[in-house]
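Laboratory data are not the source of any read-out in this text; all were calculated from the coordinates shown. Nothing here was measured: the structure is a model prediction, and the numbers come from that model. Quick reminder, even Gly has a Cβ in these numbers, built from the backbone with ideal geometry, and neighbours come from all protein chains shown.
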Ligand code: SAH
């Protein structure tokens, strides 16, 4: 099996080159070809010594996960599905905006966290993606987008931001995530600033500390509830890392974060977490943490058991936070015509071994709906 060069960050590639008796500057050259030029064919790396090219042809490859589908939404959002083998596939979403282009990247095939309102969580967990499969999404998207946008966007970076908000919990795939993040930041690879690379987590507290040490990028935390009782139901990992621990971890992260705030994500679920009293309780929870709040209107999927908060509830909820001085935005729902909106990424996950437990978590929520007077 050839060695997949997409698995290496600069340090890893230099070490591998050293094992082959090659100098560090050669590794930099190849890194630039692969990630800056998007080149996967060694024969076209023209400024590299022929002998090295021949050696690479025999021992190495640039092998991203192959593209299974590529769909364009009416609003310009584009969703790619990549084949990660054995019947599993992961999704990557490109979201163009006026001043930036954001790529939403997956970290796992499926997810083990079983957040009650998330379609990926419902499917169960199959496995962690490798570094090559994570960075390969960026590599592939750059090529696929470059092909269609090259004419009018020449010279501009099409993907200016990366958010680890696709399928999976990035911080439970730490060891494969870090080299991928380092490539995103590396000037010889994608050269993105730390502020433009965001890891989103459901709150894996010890891994948040490790991220602060290893590669402090922007951090988003999926809060979704203002107290432990509700968060235990919606985001079951809260039973292990409750809110007090999570808030303390956010404070620690802020000491090294590239931005002076944490982004809290809060999915708006009708009758569950969207009342004025919830907003007030949320204010008390985040009072001491410099933060921005990002409200995400729930994106439905079949048999989710939840309903999106009415627009008026979202507006009122945001107003309460804004009045208290918290910068609050409401995420525009984009790409939902191609199931590319947050929480709708399903990919394809064959091993559904965790599914039974996921169903168990959903049961108490049904009674919560009844209490809230929501009819299905
Ligand atoms: N595991 C990471 C990344 C997940 S996806 C995390 O939990 O942060 C990114 C965001 O989409 C998370 O805040 C997630 O909770 C949210 N999300 C999941 N399902 C959703 C849905 N159906 N509608 C709206 N947002 C959803």
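See the values below:
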item: Between 0 and 90°, nearest 10: helix 131-153 axis offset from the chain longest Cα axis; result: 80
item: Spin-label pair residue 157/residue 324, simplified geometry with 7 Å Cα→Cβ offset, distance in nm; result: 3.5
item: Efficiency of FRET between residue 311 and residue 337 - r from beta-carbon atoms, R0 25 angstrom, step 0.05; result: 0.85
item: Principal semi-axes in Å for the chain [√(5λ), Cα gyration tensor, largest first]; result: 38, 21, 20
item: Length gained when the stretch residue 287-residue 100 is fully extended (0.36 nm per residue, less Cα-Cα span); result: 64.3 nm
item: Cα-based helix-to-principal-axis angle, 50-59 vs the chain, degrees rounded to 10; result: 50
item: Cα long-axis angle, helix 205-214 against the chain (0 to 90 degrees, to the nearest 10); result: 30
item: Extension gain, residue 18 back to residue 248 (0.36 nm per residue minus Cα-Cα distance, nm); result: 78.6 nm
item: Nearest-0.05 FRET efficiency for residue 1 and residue 83, computed from C-beta distance (R0 22 Å); result: 0.80
item: Sequence of 1, 208 once ranked by neighbouring C-beta atoms within 10 Å, starting from the fewest; result: 1, 208
item: Cα-based Rg of segment 3-61 normalised by 2.2 N^0.38 Å, two decimals; result: 0.97
item: DSSP beta bridge pairing in the chain, given as percent antiparallel to the nearest 5; result: 45
item: Computed lengthening from residue 71 to residue 59, 0.36 nm per intervening residue step minus Cα-Cα distance; result: 0.9 nm
item: Average projected area [Cα convex hull, segment 167-278], square nanometres; result: 7.5
